[in-house]
Amino acid sequence: MTQTPPDRAQETLLSHAGRDPAGNFGIVNPPVYHASTVLFPTLAALEASDRNPFEGVNYGRTGTPTSQAFEAAVSQLEGGWRAVTAASGLSAIATALSAFTASGDHILVTDSAYGPTRRFCNEVLRGYGVETEYYDPLIGAGIARLIRPSTRVVFLESPGSLTFEVQDIPAVAAAARAAAAGGPLTLMIDNTWASPLYFKPFDHGIDVSLHAATKYMVGHSDAMLGVIVTNQASFEPVKRTAMRFGTCAGPDDVYLGLRGLRTMAVRLARHQESGLALADWLARRPEVARVLHPGRPGDPGHALWRRDFTGASGLFAAVLRPCSKAAVAAMLDHLALFGIGYSWGGFESLALPVYPARIRSAVPWSEPGPVIRFHAGLENIDDLIRDLDQGFARLSAAL
Ligand SMILES: *Cc1c(COP(=O)(O)O)cnc(C)c1O
């Protein structure tokens, strides 16, 4: 089961995977191949390439040495078999879900999934005749009760987007597989939060791992990128679907993903440290009702997180005591260091109101106060705390 490379530490892999200086004039980094047409010396060579669609370089859309270097590095790091590059995290998710579903199928998706993943299921897959059923992220082995003969995918995301519940991933995987009784079932996880560094899906019963490489892999808020990492059995269906959809990414963006990997371990360590420090500070504030961060002892997901993860990223949330939107705006509008905006995983800190109550369907969200999602960037922690402290003063003055 374990596919994680045992012989090299992760930081070492990050420095060396997906590079071949000896094959490239000694230059440390791989070149960025800008390509559409790929020329073949003979008709026979072209036809041989067409017969072998999962290997080599055939056409820009189906893979270049640049995308293949990125895929090799990410799949090696995560312990998968191979990977497929996409233009965004959402494109990776849409491609992977499409690879394993057809009209008449049923899929199970965690109620804590990223909003645009839900919209893809509710609008696009539904239009194609695929039924999505949302399940309680805390369901664990109870997932077995929801498996039907037509169930083809169980989709997990842990910790959940916006609300940070930790799923019992091995229990879900084992119970779902047992209930499917050998029928075709693919277990898929959105592993963006942990990144391949802090959670190893293929060691926990998952078949396909999805990433918004836009976040920590690129790491600098300057490119959109996605990647689908698969086990051996899932690779061909995923790659074939990617080829049918035209799923690919621009070479410069792929290169930014590859470059971001080199520093990801040191960046993530700092995001983790600052995220925990901010979360601890927020938990002591009178304006805060609850902090949602599985890396904190006392969080409902902490025990599972400790068991299955090796670290936490810098993304978490805090539920404020009930207050007006104007009070939240008074706090957020004038923060000097925390930006207001979508995405996360860059070097900069962010604070964003989020609305889980609007998207939940299986388990209603019951916290009455506003939920603010924070991304701890790489700034100095004391500066960040001072910024939030001044923000809370404005919030209190506006109550
Ligand atoms: C951002 C995000 C995505 C989508 O990634 P994009 O690159 O923005 O398309 C998917 N899942 C999670 C958990 C995300 O945070």
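The values are calculated or read from the model by the stated rules, or taken from the named source; none is laboratory data. Note that the structure is predicted; figures quoted are calculated from it, not measured. A quick note on method: Cβ atoms are made from the backbone with ideal geometry, for glycine too, and the neighbour counts reach across all protein chains shown. What goes into the accessible areas is simple: the full protein's heavy atoms, side chains included, and nothing from ligands, DNA or RNA. Shrake-Rupley method; radii C 1.70, N 1.55, O 1.52, S 1.80 Å.
For Val130, the requirement of being among the hydrophobic types (A, V, I, L, M, F, W, C) and within 16 Å of the ligand (Cβ to nearest atom) is not met.
If you check Tyr135 against the conditions, is it of a type in the set (Phe, Trp, Tyr), out of contact with any strand residue (DSSP E or B) (no Cβ under 6 Å at 6 or more places or on another chain) and either outside the structural domain of Leu39 (by TED's automatic domain parsing) or over 18 Å from Ala194 (Cα atoms) (or both)?
No, not satisfied.
For the stretch 223-265, residues that are open to solvent by 20 Å² or more (accessible area, probe 1.4 Å) and without any contact (Cβ under 8 Å) to a residue 40 or more places away in the chain total 3.
Among the numbered conditions (1) within 16 Å of the ligand (Cβ to nearest atom); (2) surrounded by 22 or more Cβ atoms within 10 Å (Cβ to Cβ), the only one that Val124 does not meet is (2). Output the residues belonging to the stretch 162-202 that are open to solvent by less than 10 Å² (accessible area, probe 1.4 Å) and on the phi > 0 side of the Ramachandran plot. If the condition is that a residue be open to solvent by less than 10 Å² (accessible area, probe 1.4 Å) and on the phi > 0 side of the Ramachandran plot, then Phe164, Ser195 are the ones that fit. Candidates in the stretch 134-161 are the residues that are open to solvent by less than 30 Å² (accessible area, probe 1.4 Å) and of a type in the set (A, V, I, L, M, F, W, C); of these, the one that is nearest to Thr101 (Cα to Cα) is Val153.
Taking Ala44, is it among the aliphatic types (A, V, I, L, M), open to solvent by 50 Å² or more (accessible area, probe 1.4 Å), assigned to a loop (DSSP other than H, G, I, E, B) and out of contact with any strand residue (DSSP E or B) (no Cβ under 6 Å at 6 or more places or on another chain)? The answer is no for Ala44.
Scanning the stretch 330-345 for residues that are over 27 Å from the mean Cα position of the chain (by Cα) and either without any contact (Cβ under 8 Å) to a residue 24 or more places away in the chain or assigned by TED's automatic domain parsing to the domain that holds Ala212 (or both) gives a single hit, Asp333. Pairing residues of the stretch 203-218 that are at positive phi and open to solvent by less than 20 Å² (accessible area, probe 1.4 Å) with residues that are more than 9 Å from the ligand (Cβ to nearest atom) and at pLDDT 95 or above, at Cβ distances under 6 Å and at least 6 apart in sequence or on separate chains, gives Gly205/Pro170; Gly205/Ala173.
Selection within the stretch 82-112: residues that are within 16 Å of the ligand (Cβ to nearest atom) and surrounded by fewer than 22 Cβ atoms within 10 Å (Cβ to Cβ). The member of this set that is nearest to Gly63 (Cα to Cα) is Ala87.
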